[in-house]
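Written below as structure tokens is the structure these notes are about.
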Amino acid sequence: MTKKKVWIDTDLSVGMTREKRSGYCDVDDGYAVLQLMKADTIEICGISAVFGNTPIKNSYPLSQQMSTEFAMGNIPVYKGAGEAINLKEVKSNKAVDALAEALRKQPMIIMAIGPATNIGLLLLKYPELKTEILEVVLVAGRRTPQDYFKIGNQGNHAQDLNFDLDNDAFRLMFEHGVPVTLCPFEISNKVWVKAEDLDALEKGDTGNQWLGKASRAWLKQWVDQGADGFNPFDVLASHYIISPEDIISEELNARLEIHPDDTVKENNKEVFKAYLLCDKKEGSPVKYCYDVVSDYHEKLMNSLLK
């Protein structure tokens, strides 16, 4: 059986404390990377670190750690962008150059589960390689500006962080006609990881134990917001790559629009931001994932516990 060739671009932040406020960073990127590592049908050609949930100073060594500890060091890891694309001073980096070299050898799927900065830089520096990208799978987007990313029941809205941190990277993918698949909040908020799931992970292998223990503090933050579990956003992207039949999607068009920032409470049309909107109107074609099969949770846990 021919394995799918996949490049992972990630802002790994498992176990990291937040830089600008109290609390812990997201753990879902760890689930996505570990799931791909465990998949028999996937060959991970490389991992590029990017800023996002945590600074590059954290995501890069965490990426190295996952390769070393859970993939026997067989997956090369590269340090990528530490900030959004600056169109007035476009510079490549080791991760972008390594991704370019890998694409010259063979076409690949790219799972970009942080800001898509490294992918945007690749398209600016090596536009001739865009046809070697089979698909970029990302966690971003929504149908309307009123489709809020609700965390718990306390009335708080989360950012569409990967998109918000680098709008230009998404614009570049659309302008270059790269095949894009989006796994937005609409699908990830239908999947929950709860305390009993962490119990099961902690009884598993070394990777599962690490992930389960690191997820406890993240779970507590969600419970404090009124939820009884957390949404593992990024794992929808990895699961789509492994088993697309488990993910329900449709063909839509994507575009960028400016609207009031929904994460700012009592915003009287004073704070605005860009939104990545997907519908049937004019725009760039995307595959938009919006639901999972009925036994998805069981399939997800089995893929991690194998």
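The values are calculated or read from the model by the stated rules, or taken from the named source; none is laboratory data. This one's a predicted model, so the numbers in the text were calculated from it and none came from an experiment. When we count neighbours, we look across all protein chains shown, and the Cβ atoms used for this are built from the backbone with ideal geometry, even at glycine. Keep in mind that these areas ignore ligands, DNA and RNA; they rest on the heavy atoms of the full protein, side chains included. Shrake-Rupley method; radii C 1.70, N 1.55, O 1.52, S 1.80 Å.
Each row is one residue, and each column tells you yes or no for (1) closer than 26 Å to LYS4 by Cβ; (2) surrounded by 12 or more Cβ atoms within 10 Å (Cβ to Cβ); (3) among the basic types (Lys, Arg).
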site	(1), (2), (3)
ILE242	yes, yes, no
GLU245	yes, no, no
GLU250	yes, yes, no
PRO260	no, yes, no
LYS265	no, no, yes
PHE272	no, yes, no
TYR275	no, yes, no
CYS278	yes, yes, no
LYS281	no, no, yes
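Yes or no, residue by residue, for (1) basic (Lys, Arg); (2) under 30 Å from LEU256 (Cα atoms); (3) modelled with pLDDT of 95 or more:
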| site | (1), (2), (3) |
| --- | --- |
| ARG171 | yes, yes, yes |
| SER188 | no, yes, yes |
| VAL193 | no, no, yes |
| GLY207 | no, no, yes |
| LYS213 | yes, no, yes |
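Scanning the stretch 154-211 for residues that are aromatic (Phe, Trp, Tyr) and in contact with a His (Cβ under 9 Å, 6 or more places away or on another chain) yields one hit, TRP192.
Residue-by-condition table, conditions (1) without any contact (Cβ under 8 Å) to a residue 12 or more places away in the chain; (2) part of a helix (DSSP H, G or I):
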position: TRP218; (1), (2): no, yes
position: TRP222; (1), (2): no, yes
position: GLY226; (1), (2): no, no
position: PHE233; (1), (2): no, no
position: HIS239; (1), (2): no, yes
position: ILE248; (1), (2): no, no
position: LEU256; (1), (2): no, no
position: THR263; (1), (2): no, no
position: GLU270; (1), (2): yes, no
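Specify the residue that is most open to solvent (accessible area, probe 1.4 Å); the eligible residues are those in the stretch 16-36 that are closer than 18 Å to GLU69 by Cα and in a loop (DSSP other than H, G, I, E, B). Per the stated criteria, the residue is MET16.
Which residue, of LEU138, LEU99, LEU122, LEU129, is without any contact (Cβ under 8 Å) to a residue 40 or more places away in the chain and crowded, with 23+ Cβ neighbours inside 10 Å? Write out each step before concluding.
Details: LEU138 fails: without any contact (Cβ under 8 Å) to a residue 40 or more places away in the chain; LEU99 fails: without any contact (Cβ under 8 Å) to a residue 40 or more places away in the chain; LEU129 fails: crowded, with 23+ Cβ neighbours inside 10 Å.
Just a single option satisfies the conditions, and that option is LEU122.
Among what's in the stretch 67-86 and is free of Cβ contacts under 8 Å to residues at least 24 places away in the same chain and outside any helix (DSSP H, G or I), pick the residue that is nearest to VAL96 (Cα to Cα). First the steps, then the outcome.
Looking only at the stretch 67-86, we keep the residues that are free of Cβ contacts under 8 Å to residues at least 24 places away in the same chain, and these are 67-68, 72-74, 86.
Then keep just the ones that are outside any helix (DSSP H, G or I); that gives 72-74, 86.
Details: MET72: 23, GLY73: 20, ASN74: 19, ASN86: 15 Å.
That would be ASN86.
Return the pairs, sorted by first residue and then second, in which the second residue is outside any helix (DSSP H, G or I) and at pLDDT below 95, the first residue lies in the stretch 42-66 and is open to solvent by 10 Å² or more (accessible area, probe 1.4 Å), the beta carbons are less than 7 Å apart, and the residues are 6+ apart or on different chains. Final answer for the pair search is PRO55/GLU19. Elements of the type helices (runs of 4 or more DSSP H) sitting completely within the stretch 104-216 and holding at least 2 residues that are among the aromatic types (Phe, Trp, Tyr) and out of contact with any Cys (no Cβ under 9 Å at 6 or more places or on another chain): these cover 167-175.
Residues that are hydrophobic (A, V, I, L, M, F, W, C) and either over 27 Å from ILE109 (Cβ atoms) or open to solvent by 60 Å² or more (accessible area, probe 1.4 Å) (or both) within the stretch 169-209 comprise TRP192, ALA195, LEU198, ALA200, listed in sequence order.
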